[in-house]
Amino acid sequence: MRGITLNYFLRRLGIFFLTIWIAGTIIWLIPHLAPGDPISAMVARLASRSGFVENSAEIIQGWKERFGLNDSLPVQYVRYLGNLVHLDFGYSMANFPTPVSELINQALPWTIGLLLIATMITFVLGNFLGAIMVWRRTPRMIKYLIPVGMMFTSLPSILAALFLAYVFSFLLNWFPLIGSYDMGMKPGLNGPFILSVIQHGTLPALSIVIVSFGYWTLGMRGMMITVEGEDYMSLARAKGLGPFYMLYRYMVRNAILPQITAFAITLGTLISGQVLVEYAFSYQGMGTVIYNAILNQDYPVIQGTSFILIVVTALAVLIIDLIYPLIDPRISYGAK
Amino acid sequence: MSQRNNQKKPILEVRDLRVYYETPKGDVLAVDGIDFDLYEGETLGLVGESGSGKSTAAMGILQLTVPPGRIAGGQVLLEGQSLLGLSEEQLREFRWVKLALIPQGAMNSLNPTMRVSDQIKDVIIAHEGKTAQKELKERILELLSTVGLPGRVYDLYPHELSGGMKQRACIAMAIALNPTVIVADEATSALDVVVQRVVAQTMLKVKEKLGVSMIMIGHDMGLMAQMVDRIAVMYAGKIVEIAPVRDMFNDPKHPYSRLLIDSVPSLKERKALKITEGITHDPRNPPPGCIFQLRCPFVMDVCRKDAPPMQEVKPGQLVACHLYKANEDGSFINVRDVVGNT
Amino acid sequence: MATAQIQESGPSNPAVRTAKQMGRFNRWDTPWLNTKLLLGVGIIALILLFGIFGRLFWDTKLALTGKSPLNLPPVGLTTTLGGKLTGTWAHPLGTESSGRDMLALIIVGAPNSFLIGIIASTVGMGLGILLGFTSGFVGGRADDIIRLLSDVAITIPSLLVLIVIQSLLRQVEITTIALLISLFAWPTPTRLIRAQVLTMRESGYVQMAKLSGASTFSIMFREIMPNLIPYLFASFIGNATGAILAAVGLETLGLGPQRIPTLGGTIYFAIQGAALLRNMWWWWGIPTLLLAIMFVGLLLINLGFDEIANPRLRQSSQ
């Protein structure tokens, strides 16, 4: 039975919601595991850093009421879940009264944009290089150069970010060092703005690509070698098919399937790496928001941003899981 | 060396073909100098046990040998044209158009991510250029019906077919371009007996309909007997006997051929099952002289020194064995019939 | 296969290559002498030795703040930003803006990173073995639950949850961080081991053990475990690498062990101290370089194990 059955769809959807629920619960539970009242503790920490918090008593009282912190724990939990569904994460402590969701709304598009570009390039480039490493018709020079380019694999992305920032931004001044676009500009769909975005995004994207593509190259190479030894390759050669067609339709098309499955699994790591890169470049995405929240001990922001990023990851995995059966006709999803 | 069969001309000529495998401890002589002709319209069976080199020989003839194997010598002539030494580009014109392969379809021979129809389509397009979809569909449906497959197979993926259906799909694909020569490599080996029969019959039907010349590779002598015109027996990389099917079964000349035929269980008579050991020498270092010497019940001193030449001991029957000595008038005697055999 | 009384002469056919002609492969042909593996192990061993024995030759107290002159470049170089400062042999790799000596920092920091990796990987794999075995061997409901949980756990980006936890805890030791990281290190080993156990469960020798009445426990440990050792080895290094990665991530955000010098922590201070703009490249560069070498070594070990496990990968690379 080919394609997606209702059963499969529901199951995958169920896992998606389960993931989000578990993540949300963990994020909610952690501060409540700490002794004492989380809000007073937060305000106290804030006060100890900035010296004095205006109207701290009112803030604490208002917060407690607003978020029903005087109620029992189970009630709080249910209310929290309800808030999550509305994507209401409360207010930022450092930027009171800005709601957390507002901070997220400003930063999330940048993160997603960078994510899409970086992951697309990584996956396509990595697998492409892995494929040509095995193809008979690739020139030898290229086959030797590729492993050289792979030496950055599985380095922490932030190290690559620092290195690239130093060499290409500080020393050579080819790219800007900070931010996602020029400070003075107003965001809009015009040429100069887009150019600025590309300029600012190049080094962050490159940092991610450099440390990630090697993994795919390695994997694809292994898969291609496996595929090359398969019986249907032998028959394909006997059929006298054109070399490019054979490479694509018989080798790559079969070798890439496990890579797609693996991609879904590595998304979490990828996002983690991107958060650090954004922090290094002060890129106006979630990474910078999280970092500032850490500095300011702005707990609601940390909670909210982490949760949203987890949702994004789980969503991406869901999408990949749903697309996969459309490419691999062997998968059948009958009821278990 | 003459192979007298004057009515037909050889469509495929193999001369001293050698295919060796490189291993860290020396070359394995998988195919070590085989000669035979394939005549127009005939089916030649290539029989041997595991390790005899028959599949390697098939791949060598089809110019599909891959490292660590390599063609180390010899000649393969298709309609007089030499296949060795041609570039991939030049070979591609022969592939499938003149020289097709029926693999063990029940295994992994079909691309798992392509429909059956697409896999037949792509070879037609590769060799005949772009063709109208409608015409392609008609052709493929006709091919499928020739091998006895229902039309719905057109849209199916390989994993949705049974072993026998996959095998027949491979046959349909092989005849798509009306080739001159088809090599069937263990085409029925992975199937159960009932399905085997169906597939075998399909192949016979196809052969009759198209008049194609076939080389059939296998290890089941009994099955071979029903499908081929001539049989060539291989042992450890060499051909030890070639004969018309009846002659082979009535009067096998080479001791190994006799072993093989005796080992076919018979429904009619009770006889002890002859279990033989398999190839006993190291394929990297074959003994000088006859390669069968270590297992031959009739081995003589000369066998350990000189490799026996192929001799036509009867019209159409060639053997490589020192048992057979030529007389002056051209006839042969079996030296064991003479008093004083070793 | 019996080799008959063959004389030494190779076949008369010159196209054939004999073992002699192909060179002496035999004794050194064992797969364990894999170039990548040896290289990787060599690199890691060097770093470890450097870290462990460095203490004997260099004062590790210099890794603390205020013990050395500020902002010195490495020996032989001179900076111009903010006054002329020349490096000295007293601080061959320079110092940073709080007076910490770079050489001392990396001598202390490198083994710390390894320690985290080893602890996290061991605990994670311990959990993984337990869960993977249960899941694969016992099957049924337990398998469903464990599989579901590991699917969920592997999707969630661990760094984010670690940030949530760590921003609350703040003052931690090395072991605490390692244990926290190990909370996320179990899904991959669990899946791996479950897959292996499933395959082996149906194999001949396990069936034999079952038939002879061996208990589940003894089957698990006496029959299956020994065959898992190669996978466990390879998986251990992979997990350690991931753990060190997570630790470095946390440290660079300032969420690492506060009082203990770490490589990532040094980088955190470098970013805080605008080292890029002040052209103090040694501040972030030296820990970066050391980490890079470390990761390259770990990667090589991983690749080496891969090639040992999958022979086909070998021939294409050599």
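Among C:T60, B:T131, sorting on how many other beta-carbon atoms sit within 10 Å of each Cβ, with the fewest leading, yields B:T131, C:T60. Entry note, region C:50-317: relative contact order of 21 percent, from Cα contacts under 8 Å with a spacing of 6+ residues. Under the criterion of Cα pairs below 8 Å and six or more residues apart, the relative contact order for region B:10-337 equals 20 percent. Report, in whole Å, the centroid distance computed from the Cα atoms of region B:227-252 and region A:102-153. Comparing the Cα centres of region B:227-252 and region A:102-153, I get a distance of 58 Å.
The simple Förster model, with R0 at 30 Å and r as the Cβ-Cβ distance, assigns A:D231 and C:F233 a FRET efficiency of 0.40. As a test of the formula, what do you get for chain B when each DSSP H run with n ≥ 4 contributes -39,500 (n - 2.57) and the sum is divided by the residue count, at 222 nm and rounded to the nearest 500 deg cm²/dmol? Helix-only estimate at 222 nm: -8000 deg cm²/dmol. Taken as Cα centroids, region B:20-65 and region B:76-137 sit 21 Å apart, rounded to the nearest whole angstrom. Where a Cα-Cα gap under 30 Å defines reach, which lysines qualify for B:K166, not counting those fewer than 8 residues away within the same chain? The reachable lysines, counting only those whose Cα sits under 30 Å from B:K166, are A:K239, A:K336, B:K54, B:K98, B:K121, B:K130, B:K134, B:K137, B:K205, B:K207, B:K209. Find the percent of Cα-Cα distances in region C:50-317 that exceed 24 Å, and round it to a whole number. Here the long-distance tail beyond 24 Å is 58 percent of all Cα pairs in region C:50-317.
Straight-line cross-link partners of C:K36 among the lysines, defined as a Cα under 23 Å from its Cα and at least 8 positions apart when in the same chain: A:K143. Counting every other Cβ atom within 10 Å of each residue's Cβ, B:V245, B:V233 order from fewest to most as B:V245, B:V233. DSSP beta bridges confined to chain B are antiparallel in about 65 percent of cases. I need the shape label for chain A. Rule: rounded when a/c is under 1.5, else prolate if a/b > b/c, else oblate, with a, b, c from the alpha carbon gyration tensor. In terms of gyration-tensor shape, oblate.
Just to verify a number: FRET efficiency for C:D151 and B:Q75, C-beta to C-beta distance, R0 = 51 Å, to 0.05?
0.30
Shown here for region B:76-159: chymotrypsin sites (Phe, Trp or Tyr not before Pro) in loop regions (DSSP other than H, G, I, E, B) with at most 13 other Cβ atoms within 10 Å, of which there are none. Multiplying the residue separation of B:V194 and B:N327 by 0.36 nm and subtracting their alpha-carbon distance yields 43.1 nm.
When both bridge partners sit in the protein assembly as shown, DSSP labels roughly 65% of those beta bridges antiparallel. Within chain B, the longest run free of exposed loop sites, counting GluC sites (Glu not before Pro) that sit outside DSSP helix and strand states (H, G, I, E, B) and have at most 15 other Cβ atoms within 10 Å, spans B:80-268.
Read the figures in this text as sums done on the coordinates, not as results from a lab. Quick caveat: nothing in here was measured; it's all calculated off a predicted structure. Heads up, the Cβs are rebuilt from the backbone with ideal geometry, glycines too, and the neighbour counts pull from every protein chain shown.
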